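Trainee: Attaching a single structure in structure tokens format; questions to follow.
The values are calculated or read from the model by the stated rules, or taken from the named source; none is laboratory data. Small disclaimer: the values here were computed from a predicted structure and weren't measured. Cβ coordinates were reconstructed from backbone atoms using ideal geometry, including for glycine residues, and neighbour counts include every protein chain displayed. Side chains included, ligands, DNA and RNA excluded: accessible areas come from the protein's heavy atoms. Shrake-Rupley method; radii C 1.70, N 1.55, O 1.52, S 1.80 Å.
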Amino acid sequence: MSDTENLEQVLNEPDLSTEAAYTNGFEDDDDEDAEPITAQKVLEILETAWTNEICAPELLQHQTDMLELMLSQVAHMEEQMKDLDKNDFRFVVHQMELERIRYIMASYLRCRLQKIETYTQHILNQEATRDAADKRLSPEEAKYAQDFASHVDEYFNKVATQYMPNQQRGEAEQRIVTPNLMSHVFLKANIAVSGVIVGVDDEEVDLAPGSQHIIPYQLVADLIHKNQAQLI
């Protein structure tokens, strides 16, 4: 088999292993049934996480493990391409695909950082109430958020807060920026979901697989977290 044919099969090879099984971007509790995950599946998970993150008003569960797996696979693909003729059109196509993957990963991380910097204190407060398994920030993101909040507080104290009356200094809760969870989003159902409340009058609808809807995010946030639906 030629190097080019090998490269074309890279994304379909089941050569990635994880400490736990992943199904559609969410961890499986049964590690004994864990199967090797293909690079193509990792890419699909990242693409879904990227779209959801961009469209959701709040910060979603991090996908650090998937990012690390994809980075290792990109390095593997680059190594495979070294032996290819750079004048070969297939080399150009593969190079474009690598750039697309890099863009998805970079855009995903930029989006998360933007949310962290916008809703820093709100996110930290929410994280403090969650169990370790439900944390949405990766350890690196958590450290960044804490450092960012500390630096912002220090800056505002130097330029403004210390000159304010004492009664105004304690109004910290009023300065916390929170996401608008009732903003409308475009939703696509991954599976059949019955009894979804879609209005203030507790109106319920059944979502068919593949059906698309416009609905306030807060009403379907659980569906996104459970991967029963995805944002588009």
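Trainee: Of 149, 208, which residue is touching a helix residue (DSSP H, G or I) at 6+ places or on another chain (Cβ under 7 Å), of a type outside the set (Ser, Thr, Tyr) and open to solvent by less than 70 Å² (accessible area, probe 1.4 Å)? Break it down stepwise before answering.
Mentor: Details: 208 fails: touching a helix residue (DSSP H, G or I) at 6+ places or on another chain (Cβ under 7 Å).
Step by step, each of 149, 208 is checked, and only 149 is touching a helix residue (DSSP H, G or I) at 6+ places or on another chain (Cβ under 7 Å), of a type outside the set (Ser, Thr, Tyr) and open to solvent by less than 70 Å² (accessible area, probe 1.4 Å).
Trainee: Could you tell me how many of the residues in the range 74-109 are within 30 Å of residue 180 (Cβ to Cβ) and surrounded by 12 or more Cβ atoms within 10 Å (Cβ to Cβ)? Walk me through it before giving the result.
Mentor: First, pick out the residues of the range 74-109 that are within 30 Å of residue 180 (Cβ to Cβ): 103-109.
If we keep only those that are surrounded by 12 or more Cβ atoms within 10 Å (Cβ to Cβ) too, we end up with 104-105, 107-109.
Of the residues in that region, 5 qualify.
Trainee: Scan the range 88-110 and report the pairs whose first residue is modelled with pLDDT of 95 or more and whose second residue is of a type in the set (Ser, Thr, Tyr) and open to solvent by less than 50 Å² (accessible area, probe 1.4 Å), with Cβ atoms within less than 9 Å and a gap of 6+ or a chain change.
Mentor: Final answer for the pair search is none.
Trainee: Wholly within the range 127-232, which strands (runs of 3 or more DSSP E) include no fewer than the required count, namely at least 2 residues that are touching a residue at least 40 places away in the same chain (Cβ under 8 Å) and within 19 Å of the chain's Cα centre (by Cα)? Step through it out loud before you land on a result.
Mentor: Values: elements: 184-189, 193-197, 204-207, 212-216, 229-231.
Per the criteria, 184-189, 229-231.
Trainee: Let me confirm something: among 71, 113, which residue is modelled with pLDDT of 95 or more and either loosely packed, with under 11 Cβ neighbours inside 10 Å or out of contact with any Ser or Thr (no Cβ under 7 Å at 6 or more places or on another chain) (or both)? Explain how you work it out, then say what you get.
Mentor: On the way: 71 fails: modelled with pLDDT of 95 or more.
Criteria check complete, one pass: 113.
Yes or no, residue by residue, for (1) at pLDDT below 50; (2) more than 23 Å from residue 139 (Cβ to Cβ):
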{"position": "1", "(1), (2)": "yes, yes"}
{"position": "11", "(1), (2)": "no, yes"}
{"position": "20", "(1), (2)": "yes, no"}
{"position": "24", "(1), (2)": "yes, yes"}
{"position": "27", "(1), (2)": "yes, no"}
{"position": "30", "(1), (2)": "yes, yes"}
{"position": "39", "(1), (2)": "no, yes"}
{"position": "60", "(1), (2)": "no, no"}
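Trainee: Same structure, new question: Looking at this structure, is residue 176 surrounded by 12 or more Cβ atoms within 10 Å (Cβ to Cβ), in contact with a strand residue (DSSP E or B) (Cβ under 8 Å, 6 or more places away or on another chain), of a type in the set (Val, Ile, Thr) and modelled with pLDDT under 95? Let's see the steps before the verdict.
Mentor: Working: surrounded by 12 or more Cβ atoms within 10 Å (Cβ to Cβ): yes; in contact with a strand residue (DSSP E or B) (Cβ under 8 Å, 6 or more places away or on another chain): no; of a type in the set (Val, Ile, Thr): yes; modelled with pLDDT under 95: yes.
No, not satisfied.
Trainee: Then there is this: Go through the range 111-126 and count every residue that is of a type in the set (Ser, Thr, Tyr) and assigned to a helix (DSSP H, G or I).
Mentor: Step one: of the range 111-126, the residues of a type in the set (Ser, Thr, Tyr) are 118-120.
The next check asks that each one be assigned to a helix (DSSP H, G or I); those that pass are 118, 120.
Here the count works out to 2.
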